[in-house]
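Accompanying notes for the structure given below.
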Amino acid sequence: MAKGATSKCNHFLTLSLLVLLSSLDTMQVDGADSLSCNFTVKYRSSPGQCSVNGKTLLCFDDVRQNSPVCKPEKKGNGTKVCADLNQSLKDIFQKMTNLESGLFDQSKGNHTLQVAVQSQYNQGEFMDGCWTFMIDRQYPFYFYPKNMTWRENQPNAIKTMSQWGNNKEVGLSLKFLSTGDFSQCLKKLLTDSRELTSK
């Protein structure tokens with residue numbers, strides 16, 4: 001009888017452990033943050049904005065025209081908190097446009113590069129994500145920072161994608177932006193948000 005009681009106790013402990021692990025896993029998924037960014041890269045200009053969980057927190061203005069492109073949904077501008085991110089984005093966009101200079105040649109028309117970033121973070125740590133690029137809003141191609149791969153679904157995108165895909169510095173910079181600069185910025189913003197909530 002004691003043996004049966006012990007068996008029941010072990011069974012109960014096993015079930016309790018499974019419930020605990022399941023709840024921890026659910027908490028981890030629920031605690032994930034979704035980052036979404038959109039940029040329009042022109043000649044020496046790259047205005048855009050980023051939102052976290054649907055709330056606009058980062059604004060990158062068109063300094064050349066001195067015109068704001070968005071309004072952050074919190075007091076102050078998160079872009080000031082994440083100055084390193086702002087500079088890193090400018091640097092990589094400059095590098096990319098230099099490699100495909102024909103697209104941004106003033107004499108050949110005012111082409112634009114649309115950049116969209118979608119990423120998932122858990123407590124500020126990068127989980128997964130994707131960068132989408134389009135020239136003049138057509139021929140999209142994609143970069144996946146987690147495994148450093150490029151993909152396209154339009155033959156017309158191959159030339160531009162190859163220019164950037166064959167340059168290791170571009171891939172590494174995009175990966176570091178996702179896992180480093182965006183991650184650090186998100187941690188700062190989440191910390192500031194918690195401090196404001198606790199006051």
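Where a number appears in this text, it was derived from the coordinates with a stated rule and is not lab data. What you are looking at is a predicted structure, and each value in this text was computed from that prediction instead of being measured. With ideal geometry, Cβ positions are generated from the backbone for all residues, glycine too; neighbour counts draw on all protein chains shown.
Using θ = phi - 60° in the Karplus curve 6.51 cos²θ - 1.76 cosθ + 1.60, the 3J(HN,Hα) couplings for the range 181-189 round to 4, 4, 4, 5, 4, 4, 4, 5, 5 Hz; x is entered for Gly and Pro. One chain, two ends: residue 166 and residue 136. Fully extended at 0.36 nm per residue, the span grows by 8.6 nm beyond their Cα-Cα distance.
By the count of other C-beta atoms within 10 Å, a proxy for reagent exposure, 158, 135, 92 are ordered fewest to most as 158, 135, 92. Here 112, 191 are placed in order of increasing Cβ neighbour count within 10 Å, fewest first, which gives 191, 112. Cβ-to-Cβ counts within 10 Å put 81, 41, 115 in ascending order as 81, 115, 41, the fewest first.
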